[in-house]
1. Over all alpha-carbon pairs of the chain, lay out the pair-distance distribution in 20 Å bins, whole %, shortest bin first.
2. Order Leu113, Leu72, most accessible first, counting only protein heavy atoms with a 1.4 angstrom probe.
3. Report Rg/Rh for segment 164-312, rounded to two decimals, where Rg is the Cα radius of gyration and Rh the Kirkwood radius.
4. So what's the net charge close to Val186: Lys and Arg +1, Asp and Glu -1, counting the other residues with Cβ under 13 Å from its Cβ?
5. Considering only Asp120, Asp177, Asp259, give the residue with the highest GNM mean-square fluctuation for the chain, with springs between Cα atoms whenever their separation is below 10 Å.
6. Give, rounded to the nearest 20 debye, the magnitude of the charge dipole that segment 182-285 has about its Cα centre when Lys and Arg contribute +1 at Cβ and Asp and Glu contribute -1 at Cβ.
7. Counting only protein heavy atoms and a 1.4 Å probe, tell me what percentage of the chain's accessible area is made up of carbon and sulfur.
8. Around Gly252, with a cut-off of 10 angstrom between Cβ atoms, what is the net charge of the other residues, counting Lys and Arg +1 and Asp and Glu -1?
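The values are calculated or read from the model by the stated rules, or taken from the named source; none is laboratory data. Every value quoted in this text rests on a predicted model; they were computed, and no experiment measured them. When we count neighbours, we look across all protein chains shown, and the Cβ atoms used for this are built from the backbone with ideal geometry, even at glycine. Heavy atoms of the whole protein, side chains included, go into the accessibility calculation; ligands, DNA and RNA do not. Shrake-Rupley method; radii C 1.70, N 1.55, O 1.52, S 1.80 Å.
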Amino acid sequence: MIRHEPDMGVTLGRLKMKNPIATASGCSGYGEELAQFYDLALLGAIVTKSITLRPREGHPPPRLAEVRAGMLNAIGLANVGLEAFLRDKLPALARFEVPVIVNVAGSTREEYLEVCAALDAAPGVAGIELNVSCPNVKEGGMEFGIDPATLAGLVQDVRRKVSRATLIVKLSPNVTDIAVIARAAVDAGAEALSLINTLRGLAIDPWKGRPILTNVTGGLSGPAIKPVALYMVRRVWEQVAGPRGIPILGLGGIQFVEDVIEFLRAGATAVSVGTANFVDPETGPKLVAGLREALERLGCGSPGDLTGRLEG
Ligand SMILES: Cc1cc2nc3c(=O)[nH]c(=O)nc-3n(C[C@H](O)[C@H](O)[C@H](O)COP(=O)(O)O)c2cc1C
């Protein structure tokens, strides 16, 4: 029997990826941290650490805590800021033949707009991923991503500034019904959705009797959140993304090829890998190779054959 190699390519809006495996924001800096382990061109895309208008130091340490089946982080959006990113980090990434998706954070609408407009104009930015899990300072400190009307207003305004790069909105799981938020983002012009960001959590040192993180609370990531992420990808796929033809970049606890297949079946077009890189920095290319093999075994011509395919 002749077996044909699967075509690993997928598209996320207007963004073409040679395979569906990307990094997750915040888990490999601006790509350079992984470039010492393998050729980044092996990946479908690189998603950068969140970029803000001005440089940020983030929260003081400890800002990471290992917990059972995952970790808590409260990095506080430490990053070099827009100017240094465009000057130093983006040109370095352009050397690799891999699409770059820049994750953007902000605490006011104006900040998001300025950063997104500058990135859209910069050569080498294939996608913009809006991190809407940040407190909205102007509108009372609530996260942009938890109120559908606030989110829709932001996405609509950003959409007007972004014409070249694919606009991806990254959803927070810390909401009552993620489908409501997903619908607001898509109605306002999101071309793709990524989900999920971290779940809010707390780690306590039982003997010292205080929180482990200086910030007290942090975001939970890793295998512990995978079932939650899968449920949310499925819900968004069924209620919004599937019927509207909007691709999902799925993430949350992905470590093994089986995890990737589960996310595709739940409704993802592509996936991001975050915390697993702390265990094995070569997880990305291993998943690409493993997925190619798995697709052959399943008789699938492409990853898209699995997207949303869940029997029963
Ligand atoms: C150390 C760390 C830093 C992160 N920084 C960001 C960030 O800057 N922006 C963002 O949108 N998500 C950030 N995330 C969330 C991840 O991109 C991802 O949504 C989440 O960790 C779930 O995926 P995982 O279980 O594969 O890590 C961070 C996660 C971790 C663990």
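1. All Cα pairs, binned at 20 Å, distribute as 35, 59, 5, 0 percent.
2. Per-residue accessible area, sorted high to low, gives Leu113, Leu72.
3. 1.02
4. Charge balance in the 13 Å sphere: +1.
5. Maximum fluctuation in the GNM of the chain, among the listed residues, is at Asp177.
6. So the magnitude is around 420 debye.
7. Ligands and nucleic acids excluded, carbon and sulfur give 54 percent.
8. 0
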